[in-house]
1. Which is farthest toward the positive dipole end of region 143-258 among 257, 168, 181, measuring Cα position about the Cα centre, with Cβ charges +1 (Lys, Arg) and -1 (Asp, Glu)?
2. Across region 319-332, in residue order, what do the Karplus-derived ³J(HN,Hα) couplings come to in whole Hz, using 6.51 cos²θ - 1.76 cosθ + 1.60 with θ = phi - 60° and x for Gly and Pro?
3. Which is the longest run of the chain containing none of the chymotrypsin sites (Phe, Trp or Tyr not before Pro) found in DSSP loop states (not H, G, I, E, B) with at most 15 other C-beta atoms within 10 Å?
4. Taking a threshold of 19 Å on the Cα-Cα distance, which of the pairs 81/375; 231/254; 82/386; 82/243 fall above it?
5. Please report, in whole Å³, the volume per residue of the convex hull around the C-alpha atoms of region 1-152.
6. Select from 133, 166, 218 the residue whose mean-square fluctuation is largest in a Gaussian network model of the chain (Cα-Cα springs shorter than 10 Å).
7. Report the Stokes-Einstein translational diffusion coefficient (µm² s⁻¹, integer) for region 43-375, Rh taken as the Kirkwood radius over Cα pairs, at 37 °C with viscosity 0.692 mPa s.
8. Please sort by residue number the trypsin sites (Lys or Arg not before Pro) in region 3-103 whose DSSP state is loop and whose Cβ has at most 11 other Cβ atoms within 10 Å.
Amino acid sequence: MSHHTTPNKTFWTPANILTAVILAVGLALTVKRFTMGIGSVTNLTDDNPWGIWIGFDLLCGVALAAGGYTTSAAVYLFGMKKYHSAVRPAITTAFLGYAFVVFALLYDLGRYYRLPYPLTIYPGPTSFLFEVGLCVALYLTVLAIEFSPALWETLRWKKLRFWAHGLTLVLTIFGVVLSTLHQSSLGGLYLLAPSKLHPLWYSPYLTLFFFLSSIPAGLSMVIFEGGLSHKFLHHKMDETHIKEAPGVTLGFAKAAAVVLFAYFNLKWIGVALDNNWHHLATGWGTWFLVEMFGFVLVPCLMYAVAAREQNQKLAFYASIVTVLGIVLNRLNISLVAFNWQLPSELRYVPSWEEIMITVFIVTLEITVLRICLNKLPILHEHPEFKGAH
């Protein structure tokens, strides 16, 4: 992607034209949303105050940005140095993921200037949302500092780069603690609504389920993006990166298989503890079985076979199924199985503007990610800072 916008042949590729169209429509809808109010672009009601901006942009965005803490914990806390080349791409994805989660949240909040209120004017330390807000704010700061060495290297600000790099261990520990807290409390938000959420998805262990499922989500995003980077950004990679990549893919596949298997079993323990077996015979039960078998057990077995047979392509496909499964799980909890008793005409279906704004935010994130991967030393080491760990 060339960074000057003069209409030359390399810049206006079909992908970039589509991106430009989406960004233009998104900006127009953004203006509409912030000038004419949330009702002008959404189908939200008092029955369904949270729509896809929360269910998809926030819940899925945070879960899929878990690659940051899982990868950095593996390398810096558990000493798995062979995955070192995966840290920077994972941190970049996580940083952009959280930054755009906060950006998407502004659309839902509307009164964005009140964002610091819970931390300053009205603290609500007994609330799950307060905990999520505090954690996401702190973790975004942690990720920004963890991401910053790539920027300082490009600018050749050596002192700042070594200062930021020196904080790695502290930030990794802090990041794991914060991630454990807010990944789980996003599930905790739904503990407030036992009467609204279908019994198969509602569980006193929602917090545990959310945290546990965020691990394969993060690992899968690292595998998925690694696969795409290899295809489209191979010229940006140095030898270390290319050499370590198969190990990263297969090692992460093995880890994801183990955690998905644990998650699969714990979900059934959840069903058993609340004695919800009879619900499995209903239509909702069928849908729950599709999620559990098609999107948890299937990718779990795909990962296991991929790790055993050393099959990177299978691991890549498994990562796609896992990511879809996480998205499906979060949408089931926040939208599909939420308010399941309401008659269909009172149920929430997002408006085209809501969907378009979500597409706009995702497109913007991918565009920023493309620029970062092209311009910053993320998939390769900066020549002046080689081996400077």
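1. Farthest along the dipole direction, towards plus: 168.
2. Per-residue couplings from phi come out as 5, 5, 5, 5, 4, 4, x, 5, 4, 4, 4, 5, 6, 4 Hz.
3. Working: sites that count: 11, 12, 78, 157, 340.
Free of exposed loop sites, the longest segment is 158-339.
4. Values: 81/375 25 Å; 231/254 22 Å; 82/386 16 Å; 82/243 10 Å.
81/375; 231/254, as the Cα separations exceed 19 Å there.
5. 179 Å³
6. 166
7. Details: Rh = 20.7 Å.
The Stokes-Einstein estimate is 159 µm²/s.
8. 9
The values are calculated or read from the model by the stated rules, or taken from the named source; none is laboratory data. As the structure is a computational prediction, the values presented were derived from the model and not from experiment. As a convention, Cβ positions derive from the backbone with ideal geometry for all residues, glycine included, and neighbour counts pool all protein chains shown. Heavy atoms of the whole protein, side chains included, go into the accessibility calculation; ligands, DNA and RNA do not. Shrake-Rupley method; radii C 1.70, N 1.55, O 1.52, S 1.80 Å.
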